[in-house]
Amino acid sequence: MRCVVLPEIGTFEGWRDEARALLAEGVPPEEVLWQRGAGEADLFAGAPAAAPAQGGAVTVPRGFVDLARLAVCHADPERFARLYALLWALGRDRRLLEDRADPRVDRLERMAKEVRRDRHKMTAFVRFRELGDADGGRRRFAAWFEPSHHILELTAPFFVRRFGDMDWSILTPDLSAHFEGGTLRFGAAAARPDLPEDAAEDLWRTYFRNIFNPARVKLKAMQAEMPKKYWRNMPETALIPEMVASAQARAREMAAATPTVAPLRAERIGERLRAARVPEPGDDLAAGLAACRRCPLWENATQPVAGEGPLDAPLMIVGEQPGDLEDLEGRPFVGPAGQLFDEVAARAGLDRARAYVTNAVKHFKFAARGKRRIHQSPTQGEIQHCRWWLDLERAQVKPRLILAMGATALDSLTGDRRGLLTRRGGVEQTAEGTPVLVTVHPSYLLRLPATERAPAEAAFEADLRRAAEMLGQ
Ligand code: URA
């Protein structure tokens, strides 16, 4: 049995080098014990030490490196072994990584997702306290943070970019990060320090008091987004109990204080919305869309493009907006992106005819260049205005699963604007709880250079296959 002890700082690089050497030697996963840090290593005192890493020429799919970099940070003690087992299996089947139904891949992807979520929490919830000027006159700050996973090394560069003009330390029960005079270094774990309150705390409290809307208190959603374990290090959270307790009374005050005569603009909007009849199941959505003036995109487009497909489809496929051909034909996904989608869907066993296919935005947005119409991305406002129609389509079709193709669809369906590529392959939810499988837009594949197209298309195919499997097709 090999016992590999990985460093606590530079754990990913350590794991990568060791894994490379073990693989080159042909050491199977069941013969390796992994641990991080000397403390853990004591558990295995007496076991023969691992051979020093030498790094053979091992090539792996790019996706594996990205996955490993995240999964290595997970708190699961089995993470190194799981990664090595997958790496070993990839040597026999390089396409394994695309198989999301494989339990090894699935488990590691879920771990990577948990790590990403933990990093997101860290970037949002670290609160620095000012300590006073450092020797060079730079302001000095420190923060205490308790992540759920070993994410400090991976996440510290975010704080370097954000707070590059000050010196700071982030202390955690695992490692500490210190940024001094423009240099980042990592040190040992720290105990929770007694940090002074500073002027910034008042600013946080004022900010929080201002963004807190008493008429929209949703405790569960708030705690899901900002779990209680982070509260004690965040100055503004001290206000939560009092603000929640007084929310109903404040909301009543707000309602009583609303002006009784609506401004002209609000009246006009009200009239327009009252005139619009809410479509019912079976209604012709296209007719309602033809009259839509919710945003100016209707002015230059040939026609709106409504979704098409069975109204009881178990799957809804959502793209961005109609392209040039879709705008002329009045049907979604009939142009080059649609053709690529059809080809890949056929390979993945996904039957488009049984799905309801639509877009987040229903009019083609373009800039005219001579005779050509060049696609332009919709703005946040346009996506929001058109969400009205997508919501109606969702209410009519009630799909069991939605496939979000691209960032616009994902934004419209989840309201979450974080980058697409880190979320692709995952399953998220609409506000009502409908699962949303995240994938790229076929136009993105069409724009890739030839060398990158094949793996990206294979990953897209794997996502479509997963959609088919989730629906039992
Ligand atoms: N791109 C989309 O997002 N939708 C279409 O209908 C066509 C291209």
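In region 279-470, what is the volume of the convex hull around the alpha carbon atoms, normalised per residue and reported in Å³?
Value for region 279-470: 114 Å³ per residue.
Comparing PHE179, PHE366, ALA353 along the charge dipole axis of the chain, the residue lying farthest to the positive side is PHE366, per the Cβ-charge model.
On the protein heavy atoms, probe 1.4 angstrom, tell me the percent of accessible surface of the chain carried by carbon and sulfur. C and S fraction of accessible area: 53 percent. Per residue, the average separation of C-alpha pairs within less than 8 Å and at least 6 apart gives the chain a relative contact order of 9 percent.
Rounded to the nearest 500, the 222 nm mean residue ellipticity of the chain from helices alone is -13000 deg cm²/dmol, with -39,500 (n - 2.57) taken per DSSP H run of at least 4 residues. The magnitude of the dipole of region 202-256, with charges of +1 and -1 set on the Cβ of Lys/Arg and Asp/Glu and taken from the Cα centre, is near 220 debye. Largest to smallest in accessible area, the residues ASP284, ASP327 fall in the order ASP284, ASP327 (1.4 Å probe, all protein chains included).
For the pair ALA431 and ARG117, what calculated FRET efficiency results from E = 1/(1 + (r/R0)^6), where r is the Cβ-Cβ distance and R0 = 22 Å, to the nearest 0.05? Kindly include the intermediate steps, with their values, before the conclusion.
Working: r = 18 Å, r/R0 = 0.83.
Efficiency at R0 = 22 Å is approximately 0.75.
Here the alpha carbons of region 202-256 define both size measures, Rg and Dmax, at 11.6, 37 Å.
A viscosity of 1.567 mPa s and a temperature of 4 °C, combined with the Kirkwood radius over Cα pairs in Stokes-Einstein, give a translational diffusion coefficient for region 415-473 of 103 µm²/s. In a simple Cβ point-charge model (Lys, Arg +1; Asp, Glu -1; nothing else charged), the chain has a dipole of about 1100 debye relative to its Cα centre.
Selection among PRO314, ALA143, CYS3 by position relative to the dipole of the chain gives PRO314 as farthest towards the positive end (Cβ unit charges, Cα centre).
Calculate how large, on average over all directions, the projected area of the Cα convex hull of the chain is; give the answer in nm² to one decimal. Numbers along the way, then the final one.
Details: hull surface 117.2 nm².
Hull-based average projected area comes out at 29.3 nm².
How large is the charge dipole for region 126-187, taken about the Cα centre, if only the Cβ atoms of Lys, Arg (+1) and Asp, Glu (-1) carry charge, to the nearest 20 debye? It would help to have the intermediate numbers written out before the result.
Values: 8 positive and 9 negative charges, 35 e Å.
With Lys and Arg at +1 and Asp and Glu at -1, about 180 debye.
Which whole-number percent gives the relative contact order of region 279-470, counting Cα pairs below 8 Å spaced six or more residues apart? Can you show the working numbers first?
Details: 338 pairs, mean separation 45.4, N = 192.
Reported as a whole number, the value is 24 percent.
Rounded, prolate or oblate: pick one for region 126-187, where a ≥ b ≥ c are the square roots of the eigenvalues of its C-alpha gyration tensor, a/c under 1.5 means rounded, and failing that, prolate if a/b is larger than b/c, else oblate.
Details: a/c = 2.06, a/b = 1.65, b/c = 1.25.
Prolate, since a/c reaches 1.5 and a/b exceeds b/c.
Counting only C-alpha contacts under 8 Å and six or more residues apart, can you give the relative contact order of region 202-256 as a whole percent?
Contact order relative to length: 54 percent.
Ignoring lysines fewer than eight residues from LYS113 along the same chain, the ones with Cα atoms less than 28 angstrom from its Cα are LYS121, LYS218, LYS220, LYS228, LYS229, LYS398. Close amide-amide hydrogen proximity is noted between GLU320 and ALA360, each under 5 Å apart and 5 or more residues distant or on a separate chain (H modeled in the peptide plane; Pro and chain starts excluded).
The values are calculated or read from the model by the stated rules, or taken from the named source; none is laboratory data. Please read these numbers as outputs of a predicted model, since none were measured by experiment. When we count neighbours, we look across all protein chains shown, and the Cβ atoms used for this are built from the backbone with ideal geometry, even at glycine. Ligands, DNA and RNA are excluded from the accessible area calculation, which covers all protein heavy atoms including side chains. Shrake-Rupley method; radii C 1.70, N 1.55, O 1.52, S 1.80 Å.
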